[in-house]
Amino acid sequence: MHLSKFGNNVMDQGCRFVIMSLFFGMYGSSWAGALVSSCAGHDTRFAGVIIHGNINANANHNNYAVSCTDPMDMNKQKWKMTASFKETDKGLNNNDIFEITAGDVEHTVAPDAGELPGNKIPLPGIGVKDEVGKGGLKLPGALATDLNLEKKAHGNHEDRTAANLMYFIDPNLKDINGYQYTITGRHLDPNAKVMPGKGGLTSLPSGAFGSFSFMIDTSTGELDLALALSNLSMLDISLAQIREGTPLTPGATLLDLMPAFFEDLLGLGTSRLILGDLFPIAGMNSLLSGNTYVEIVTSAGTLTGQLALISEPPALALLAIGALGLFAFSGRSFFRQA
C-alpha cells in the first residue's frame, strides 16, 4: 500500500473511498441514467467527484448526500456534501436543461480548539442553469466548464471550496450525454498561500472525457486534487501524470498519478483523489505560469488538460471565469477561448 506523508500526517493513497452511490433510472452495462460519487476527507481537507451518465429526462437529484470519510479511519466522517441537481427537457425544442438548485458543504469536525463542528459553506455552483443549444452549450462533443469558488470565515479560520462542472454534449445539439462535478476543499488560515484551480480533459472518439479541480499551497506544494474520467475504466489507463509544458511541447514529469490509485466507479468511469501530496517546488513556477498539464494515456487515445490557477478577487462568495475548456462562462456571458 502506497503512503504519502506531509507534515505530521500520513495519508493512505490507496482504496480509501467507497462512500455513497444513488442511482436514477435503470443501470446496466451502460452508464446511462446512473449517478455515482467518491470522496475522501481529512481534518483540514477533502476531495470528491460526482459522475453522471446520460441524464434521464426530468430527473431531480435532490438531497444527494456524499460523506467524506477519513482515509486513515473509514468510520470517521470529516466532511459532508449535499447537492440538488435538476434536469429537464422543457427548453427550446426539448433541449436538456441542467441546474444546481441547492446544497452545501459541511465541515463535520472541529480541528481547532474551541471550535464547534457543523460549519457550512454553500455548495459551489448554486444558481448555475444551462440549456443545450444556447450560449456555450451548443457545439457537438464540446466540453463546457463552470467553476465556482466559495469561502466563508469561521472565527479564526475559513473554509474554502473550489468546484468544476463539465458537460459532454451530444452531436444532436439537444442532449447532455453526461456530466462531472469535481470539488476540493480546505480548512485554513485566511492568510495561507493556497490557490484553487481547475482543468478540462479533451474528449476522445470513444466518448471518454475528464475534468478536475484542485487546491495547492504555493509555499509548501501541498496538493489536493479531485479528478474524474467518464466512460473509462481503471484498466484502460496505462499512464497518468502531471507534466511541465503543454501537449505540443511536453516537458518533464512533475507528479506521477499512477499506478494503482484510480478507483473504478461502477461502470460510469474512474476517479483519482489526492489529499496533501507534495507537488515539487521546482515545478511551482511552471504551474503558476500555466505551463503544466495533466496527461492520461488510455487504450483509446490520450486525454490532456492544462492546470489553470484561479486568482481570487477580494470577496466572500466568488465566481471565477475559467481558462480551460472550449467555453468558459460567468453568468450569461460567454467567452471563446483564444
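The values are calculated or read from the model by the stated rules, or taken from the named source; none is laboratory data. Please read these numbers as outputs of a predicted model, since none were measured by experiment. All Cβ positions, even for glycine, are placed from backbone atoms using ideal geometry, and neighbour counts span all protein chains on display. Ligands, DNA and RNA are stripped out before the accessible areas are found, and what is left, the full protein with its side chains, is counted by its heavy atoms. Shrake-Rupley method; radii C 1.70, N 1.55, O 1.52, S 1.80 Å.
Being in contact (Cβ under 8 Å) with a residue 60 or more places away in the chain, crowded, with 20+ Cβ neighbours inside 10 Å and in contact with a Gly (Cβ under 9 Å, 6 or more places away or on another chain) is a condition met by at least one residue of the range 233-247. Please find, within the range 123-167, the residue that is surrounded by the fewest Cβ atoms within 10 Å (Cβ to Cβ) out of those that are at pLDDT 80 or above and farther than 30 Å from residue 194 by Cβ. Per the criteria, the residue is 131. When the range 248-279 is filtered for residues that are touching a strand residue (DSSP E or B) at 6+ places or on another chain (Cβ under 9 Å), in a loop (DSSP other than H, G, I, E, B), modelled with pLDDT of 95 or more and open to solvent by 40 Å² or more (accessible area, probe 1.4 Å), nothing remains.
For the range 201-222, which residues satisfy the criterion of being open to solvent by 10 Å² or more (accessible area, probe 1.4 Å) and not acidic (Asp, Glu)? Hits for the range 201-222 are 202, 203, 204, 205, 206, 207, 218, 219, 220.
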